[in-house]
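Report on the structure given below.
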Amino acid sequence: MIRVSAIRVALDTDFSDLVVLCEKKLKISRNKIISVKLAKKSVDARKKSDVHFIISLDIEANNEEKIIKTLKNASKYEPDEYSVPMVRKCGTRPVIVGFGPAGMFAALVLAMAGAKPIVLERGSDVDKRCMTVEEFQNGGKLDPECNVQFGEGGAGTFSDGKLTTGIKDSRIGWILCRLVEFGAPEEILYLAKPHIGTDKLRGVVKALREKVISLGGEVRFNSKFCGFEAENGILSAVSYTRGGETFILPADNLILATGHSARDTFELLHNERISLSQKSFSLGVRVEHLRADIDRAMYGSFAGHPALKSADYKLAVHLANGRTLYTFCMCPGGHVVAASSEEGRLAVNGMSFFPRDAENSNSALLVNVGPEDYGSDHPLAGMYFQRDLEEKAFIAGGSDYSAPASVLGDFMNGRVSENFGKVKPSYRPAVKFAAPEEYLPDFVCQSLKDGIKEMGKKIEGFDDSDTLLIGIESRSSSPVRIDRGDNLQSISLVGLYPCGEGAGYAGGIVSAAVDGMKCAEAVCRRMEGN
Ligand SMILES: Cc1cc2nc3c(=O)[nH]c(=O)nc-3n(C[C@H](O)[C@H](O)[C@H](O)COP(=O)(O)OP(=O)(O)OC[C@H]3O[C@@H](n4cnc5c(N)ncnc54)[C@H](O)[C@@H]3O)c2cc1C
């Protein structure tokens, strides 16, 4: 197979017949072509007067060597293959805590390996979870066990479902293929910036669960991990609560994939003397603009072209105070969502549906923070720092999970807003005008003021005075790392595999899934006595 890259095509290109495209663009006659597949597709909008696609094609053809010689950007190509390990010695069934992307892909690999894993998930299955979250977003009670952070699918279920990642790993292709097998759109296999959208993600998560169960695995919902037993530093059992009762599960292997918001679990591990360390994360607000304004700023007169999805952006500015202000987890045509998981504490995040056609576009606007800001060397100091600020945000929002909101023009002039401009908030249940200074540290507020101006020079209208700032974005990643060795096991307990974002080894859906697979492979090796 050969891959031909950097092929420039117009926005109105017909992708339904790639052989015709090969003939036209690459001058390869159709009788030489055996198969052709779209391998990569991205938007090139560097010149607003000339927005177009850049694609790569994977081609099987007769006489590939000759084609490679005649074409620029053509080379031999072998796709990554991933083979699932097999477990023959089925001792005690492995236990996985958490059914987010890390736990889900760990469960899938272990189930396909024949290990019949048992998954414990503190939240409900995705259908019940959607109802609980909807109730909360309509002004109902927060369920600390089932919310935007906790439940089937983990934190990623109510998200934009962006599958972009900064890591390179041969498992990623396999993960994307599985997601398509479970109902994600085919385009995630070739888009440079693939996303699924929360509406489609719900079905994908359920289908993955059914696959795990069909292979002998088990997923126990509303089951909260609450401890473990060990002999001479080696794991022997796991305990969990469900419906007010406590259960003990014999276990030699435990993959702990509990995410960045399982604060009670971090405290449990600390009390059990499991080695933890402080970790940096980022803090800020969600910034919201009209989608039309962002599309115009990014695509110029091509904005609204039927072949183009809503525009995304990625910005970072380094500031005089030594901090960096950057955008994160951008949700084009999306919503700002209530991402709280603890009573009396407020956090926001972003999500979108697959079409990305909501009125606004938003992203997290974050400043880096680290142990030097936490005020103590306690391993959980970063978590307490987060909690403290989320309490302030809860109060600033009126202590009913309304989010504190500020219109940029007012913030820049040190005023509390009284009216919205052209941008109306998408956050539910509601927002309340409050100055970011009421819940954010001064250095974060100053970094926002200095940085947004700089960002306005990079994207026209980014610092428009009607822009909305919604607080607080405090869960960009885990403030704690659960220390593990090269064998992926905790350095404090043999048989414990700290995994995914919460353990400090991943950031985002895809890298969490990769880490889940790595831990599952390590468990297979240990079960096989290797
Ligand atoms: C609103 C939102 C939008 C996001 N958008 C994106 C995006 O578009 N793209 C992207 O790449 N990333 C996104 N992220 C980040 C992404 O969701 C996380 O990086 C990813 O889900 C981490 O996966 P994980 O499996 O490590 O942990 P999580 O997904 O956090 O899963 C942990 C699971 O463990 C369970 N759990 C916790 N404690 C216990 C316990 N004691 N017992 C039993 N179960 C427990 C939780 O209920 C949860 O289901 C978003 C996050 C949020 C909140």
Query raised in the report: Identify, please: which residue in the stretch 474-492 is touching a residue at least 40 places away in the same chain (Cβ under 8 Å) and away from the ligand (no atom under 16 Å from the Cβ) and is, among those, most open to solvent (accessible area, probe 1.4 Å)?
Result: 491
Query - Filtered residues of the stretch 42-60 (kept if surrounded by fewer than 19 Cβ atoms within 10 Å (Cβ to Cβ) and either β-branched (Val, Ile, Thr) or touching a residue at least 60 places away in the same chain (Cβ under 8 Å) (or both)) - result: 42, 45, 48, 49, 54
Report task. Note down all Cβ pairs under 6 Å where the first residue falls in the stretch 501-522 and is without any contact (Cβ under 8 Å) to a residue 40 or more places away in the chain, the second is more than 6 Å from the ligand (Cβ to nearest atom) and part of a helix (DSSP H, G or I), and they're at least six residues apart or on different chains. Result -> 505/515
Query raised in the report: Is there a residue in the stretch 437-448 that is of a type outside the set (Gly, Ala, Ser), in the same structural domain as residue 321 (by TED's automatic domain parsing), crowded, with 20+ Cβ neighbours inside 10 Å and under 15 Å from residue 346 (Cβ atoms)?
Result: yes
Query raised in the report: What is the number of the single condition among (1) touching a Lys or Arg at 6+ places or on another chain (Cβ under 6 Å); (2) open to solvent by 30 Å² or more (accessible area, probe 1.4 Å); (3) closer than 30 Å to residue 208 by Cβ that residue 86 does not meet?
Result: (1)
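From the list 241, 258, which one is within 12 Å of the ligand (Cβ to nearest atom), at pLDDT 95 or above and crowded, with 20+ Cβ neighbours inside 10 Å? It would help to see each step written out before you state the result.
Details: 241 fails: crowded, with 20+ Cβ neighbours inside 10 Å.
So the residue among 241, 258 that is within 12 Å of the ligand (Cβ to nearest atom), at pLDDT 95 or above and crowded, with 20+ Cβ neighbours inside 10 Å is 258.
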Query raised in the report: Has the stretch 493-507 got any residue that is more than 16 Å from the ligand (Cβ to nearest atom) and open to solvent by 50 Å² or more (accessible area, probe 1.4 Å)?
Result: yes
Query raised in the report: Does residue 284 satisfy the condition of being away from the ligand (no atom under 16 Å from the Cβ) and either over 25 Å from residue 45 (Cα atoms) or over 19 Å from the mean Cα position of the chain (by Cα) (or both)?
Result: no
Report task. State whether one or more residues within the stretch 308-329 are assigned to a helix (DSSP H, G or I) and either open to solvent by 20 Å² or more (accessible area, probe 1.4 Å) or not polar (S, T, N, Q) (or both). Result -> no
Query raised in the report: Given the residues 107, 102, 155, which is the only one that is at pLDDT 95 or above, in contact with a strand residue (DSSP E or B) (Cβ under 6 Å, 6 or more places away or on another chain) and within 12 Å of the ligand (Cβ to nearest atom)?
Result: 107
Report task. Search the stretch 135-163 for residues that are touching a residue at least 60 places away in the same chain (Cβ under 8 Å) and assigned to a helix (DSSP H, G or I) and pair each with any residue that is more than 7 Å from the ligand (Cβ to nearest atom) and of a type in the set (Lys, Arg) when their beta-carbon atoms are under 8 Å apart and the residues are at least 6 apart or on different chains. Result -> 137/428
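The values are calculated or read from the model by the stated rules, or taken from the named source; none is laboratory data. Every value quoted in this text rests on a predicted model; they were computed, and no experiment measured them. Note that we place each Cβ from the backbone using ideal geometry, even for glycine, and neighbour counts take in every protein chain shown. Protein only, heavy atoms only, side chains kept; ligands, DNA and RNA dropped before computing areas. Shrake-Rupley method; radii C 1.70, N 1.55, O 1.52, S 1.80 Å.
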